[in-house]
Amino acid sequence: MYTKEDQQLAEKLLDHSTELESGQNIMLQLIGLNGIGLLRALVEQVRKRDAHPFIKIEDPEMNRVLLEEGDEDFWANQAEVDQLPLMKQMDAFVGIRAAENIYENSGVPKEANNAYSKEFLNPVHFKERVEHTNWVVLRYPSPAFAMNAKMPTEKFRNFYYNACIFDYEKLEQAMKPLEDLLRKTDLIQLKGDGTDIQFSVKGQNWIPCFGKRNIPDGELFSSPIIDSVNGHITYAPSVYQGKPFEYVKLEVEDGIVVDFDSSNNSALEEILDTDEGARRFGEFSFGLNPVIKEPMYDILFDEKIYGSNHLTLGKDYAIASNGNSSNIHWDLVCIGPDVYCDGELIRKGREFVKDELKGLNPDAF
């Protein structure tokens, strides 16, 4: 059995996000049994569209054991024998992250995370899935997820579906003036509490996101010219590789992190030392989902917070590349800085002030 909301979400994932067609192959990956109702709805809807579901159900605790015990040879074999050949035959992919403990992998050693990222995550997901399928990933609501959001369970459930089953067509239209402006922009500056940083985006590609690759969605992203980033930035709470950070502060010179502070400096230093690209930035984005207001330790939601920006450490996306290569991609979110484009204030705190951009403010929805 599954709920009416799960059926509505499944239909949006297949029709809007992956644009699934008759005869196509689609991988449906569920990590954590909490989302089994949505998976059932997806399987039923895939077959109604005369397409072919390939189902991967994974247990988060088993995955943790594999991460802890795996090395480069293990993950290279997993990729070569199992998931990479299958992924190469996929036209579409839906990934449901339904694990209830976001800290499950907090004790996985740095070397083990690096081995997984290098030999499995990068070839299977970043190279094959991201570049060659119509893919979408999402979290699934749970009491544990509600606790991280500091909401009652039922209130969070309603919030979740409001954020996910959203009028993305309206958001798509509202994004266009901002995209047009950014394509003409050279220098972007963020100024706020603990943040004063600038960088060039001259000639970079900009990608509007309105429910095609993430659910919930609502962002407009590119990447900074790799050596142009200078200043300091303070980020909201974040969890990366199962490790919690109440805050992260970075000092940047010519595109490289030269100093840092956080609530967990030993873990932060390990992440920054992953490889050369881990101290550089591979993405810059505007968060634009008017339903999502506060961080909840889940980046698929937090990076979409309205009035936010994320300046991402690590690997770029091929579709908006700046040449940065890394085994990490950490979307760190800065909430509410003033944003200047070539010296002009376009957003004051969390509200756009330029007339043609006011359609992105929450009261417009």
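Please treat every number below as a calculation from the coordinates, not as lab data. Bear in mind the structure is a predicted one, so any value in this text is a computation, not a measurement. Heads up, the Cβs are rebuilt from the backbone with ideal geometry, glycines too, and the neighbour counts pull from every protein chain shown.
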GNM on the chain, C-alpha springs below 10 Å: top fluctuator among Asn101, Asn25, Asn327? Asn101
Most fluctuating residue of Glu251, Glu219, Glu303 in a GNM of the chain with Cα springs under 10 Å: which is it? Glu251
Derived scalar couplings ³J(HN,Hα) [the stretch 10-19; Karplus, 6.51 cos²θ - 1.76 cosθ + 1.60; whole Hz; x for Gly, Pro]: 4, 4, 5, 4, 7, 8, 8, 6, 9, 6
Compute the relative contact order of the stretch 4-164 as a whole-number percentage, counting only Cα pairs closer than 8 Å that sit 6 or more residues apart in sequence. 28 percent
Gyration tensor on Cα atoms of the stretch 1-96, a ≥ b ≥ c root eigenvalues, a/c under 1.5 rounded, else prolate if a/b beats b/c, else oblate, says oblate
Just check the stretch 197-236 against the gyration tensor rule for me: Cα atoms, a ≥ b ≥ c as the square roots of the eigenvalues, rounded for a/c under 1.5, and otherwise prolate or oblate depending on whether a/b exceeds b/c. oblate
Give me, ordered by chain and number, the residues 5 or more places off Glu251 or on other chains with an amide H under 5 Å from its own placed amide H. Val258, Asp259, Phe260
I'd like the trypsin sites (Lys or Arg not before Pro) in the stretch 315-365 restricted to DSSP loop residues with at most 11 other Cβ atoms within 10 Å, sorted by number. none
Could you give me the ³J(HN,Hα) list for the stretch 30-41, computed from phi with Karplus coefficients 6.51, -1.76, 1.60 and θ = phi - 60°, whole Hz, x at Gly and Pro? 10, 10, x, 6, 4, x, 5, x, 5, 4, 4, 4
For Lys88, counting only lysines whose alpha-carbon sits under 30 Å away and dropping same-chain residues fewer than eight positions off, the answer is Lys12, Lys48, Lys56, Lys110, Lys118, Lys127, Lys212, Lys304, Lys315
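Determine the percent antiparallel among the DSSP beta bridges restricted to the stretch 93-246, to the nearest 5.
Restricted to the stretch 93-246, the bridges split so that about 70 percent are antiparallel.
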Size of the dipole of the chain about the Cα centre, Lys and Arg at +1 and Asp and Glu at -1 on the beta carbon, nothing else charged, in debye to 20? 1160 debye
Suppose only helical runs count, i.e. DSSP H with n ≥ 4. What mean residue ellipticity at 222 nm does that imply for the chain under -39500 (n - 2.57) per run, divided by all residues and rounded to the nearest 500 deg cm²/dmol? -7500 deg cm²/dmol
Interchain or sequence-distant (5+) residues whose placed amide H lies within less than 5 Å of the amide H of Asn214 are Val137
Does the stretch 44-203 classify as rounded, prolate or oblate by the C-alpha gyration tensor (a ≥ b ≥ c root eigenvalues; a/c under 1.5 gives rounded; else a/b over b/c gives prolate, otherwise oblate)? rounded
J(HN,Hα) series, the stretch 182-193, from Karplus relation 6.51 cos²θ - 1.76 cosθ + 1.60, nearest Hz, glycine and proline x: 5, 5, 9, 8, 9, 9, 10, 10, 10, 9, x, 5
